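The values are calculated or read from the model by the stated rules, or taken from the named source; none is laboratory data. What you are looking at is a predicted structure, and each value in this text was computed from that prediction instead of being measured. In this analysis, Cβ positions are derived from the backbone assuming ideal geometry, glycine residues included, and neighbour counts consider all displayed protein chains.
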Amino acid sequence: MIVTIDGPAGSGKSTTARAVAERLGYLYLDTGAMYRAVALAFLRAEAEPTDEAAATVLPAMTVDVAYENDAMHVYLNGEDVSDRIRTAEVGDMASRVSTLRAVREKMVDEQRRIGRKRNAQEGGVVLDGRDTGTVVFPDADVKIFMTADSLERARRRRSEYSEDVSLEAVHQEIQERDRLDRERDIAPLRQADDAQVVDTTACTFEEQVDFVVDCVKQGAPGGT
């Protein structure tokens, strides 16, 4: 069973996806973290988010994931960067490098490889991102699209950062990320035609998780 959860930044898809995977006994794949690892590679190389820079950075970079006690760890060139990628600077760069065709093609290939492998091994995988139900796995068994008010999403994102950042700054970042995600030429953020939609602005966390779990159960063979 492949389950995709797409939506804008801060809509609650990542935390919900983790909880859904845990409740169902599936594996969780955070595709956004993989793009953040690429962003970190660009920052470390002091490279601009351009096609020309990508031609230099990508061949010298490996991104992989591993699971320890069911927690996903992201590795950049063999280094565990799971904590280092949770900064505003990396988040801003991730929004820019993810618009590059070469970056998206490389990450989509990796996400499909990992998703199919883990689905076969574990019996189910939950992915979240911007295009997991439209590009990465358009034939996913269950597709969810989550959204929420932009200010509420900024509050959530701010709580994830390891450094102190003002709510106003994060709100501006969220709005800019929304614009970039929706206007980019390659795999723009959009709701899949067959996705189930949930607005999480006023939802409790448990309500979000219950909604997705119910959708999965209904979509599973023999589900009701």
message: Can you find, within region 45-64, the residue that is farthest from the chain's Cα centre (by Cα) among those that are in a loop (DSSP other than H, G, I, E, B) and polar (S, T, N, Q)?
response: 50
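Could you please give the count of residues in region 32-50 that are surrounded by fewer than 12 Cβ atoms within 10 Å (Cβ to Cβ) and at pLDDT below 95? Write out each step before concluding.
Keep residues of region 32-50 that are surrounded by fewer than 12 Cβ atoms within 10 Å (Cβ to Cβ), which gives 46.
So of that shortlist, the ones also at pLDDT below 95 come out as none.
The number of residues fulfilling the criteria is 0.
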- prompt: Can you name the residue in region 62-83 that is hydrophobic (A, V, I, L, M, F, W, C) and exposed (fewer than 14 other Cβ atoms within 10 Å of the Cβ) and, of all such residues, is modelled with the highest pLDDT?
  reply: 66
query: Among the residues of region 140-154, which ones are touching a residue at least 24 places away in the same chain (Cβ under 8 Å) and either out of contact with any strand residue (DSSP E or B) (no Cβ under 8 Å at 6 or more places or on another chain) or under 21 Å from residue 67 (Cα atoms) (or both)?
result: 149, 150, 152, 153, 154
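Taking the condition of being touching a Phe, Trp or Tyr at 6+ places or on another chain (Cβ under 8 Å), among the hydrophobic types (A, V, I, L, M, F, W, C) and assigned to a helix (DSSP H, G or I), how many residues in region 14-28 meet it? Write out each step before concluding.
Our first condition is that a residue be touching a Phe, Trp or Tyr at 6+ places or on another chain (Cβ under 8 Å); within region 14-28, this holds for 15-22, 27.
Then drop every residue that is not among the hydrophobic types (A, V, I, L, M, F, W, C), which leaves 17, 19-21, 27.
Add one more test, that the residue is assigned to a helix (DSSP H, G or I), and what stays is 17, 19-21.
Result for region 14-28: 4.
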statement: Residues of region 136-184 being modelled with pLDDT of 90 or more, loosely packed, with under 15 Cβ neighbours inside 10 Å, part of a loop (DSSP other than H, G, I, E, B) and among the acidic types (Asp, Glu), in sequence order, are 139, 149
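Listed here are the residues, each with its yes/no results for (1) touching a residue at least 24 places away in the same chain (Cβ under 8 Å); (2) β-branched (Val, Ile, Thr); (3) touching a Pro at 6+ places or on another chain (Cβ under 7 Å).
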{"site": "20", "(1), (2), (3)": "yes, yes, no"}
{"site": "55", "(1), (2), (3)": "yes, no, no"}
{"site": "71", "(1), (2), (3)": "no, no, no"}
{"site": "92", "(1), (2), (3)": "yes, no, no"}
query: Which one of 11, 95 is part of a loop (DSSP other than H, G, I, E, B) and at negative phi?
result: 11
query: Do we have any residue at all in region 76-88 that's part of a helix (DSSP H, G or I) and in contact (Cβ under 8 Å) with a residue 12 or more places away in the chain?
result: yes
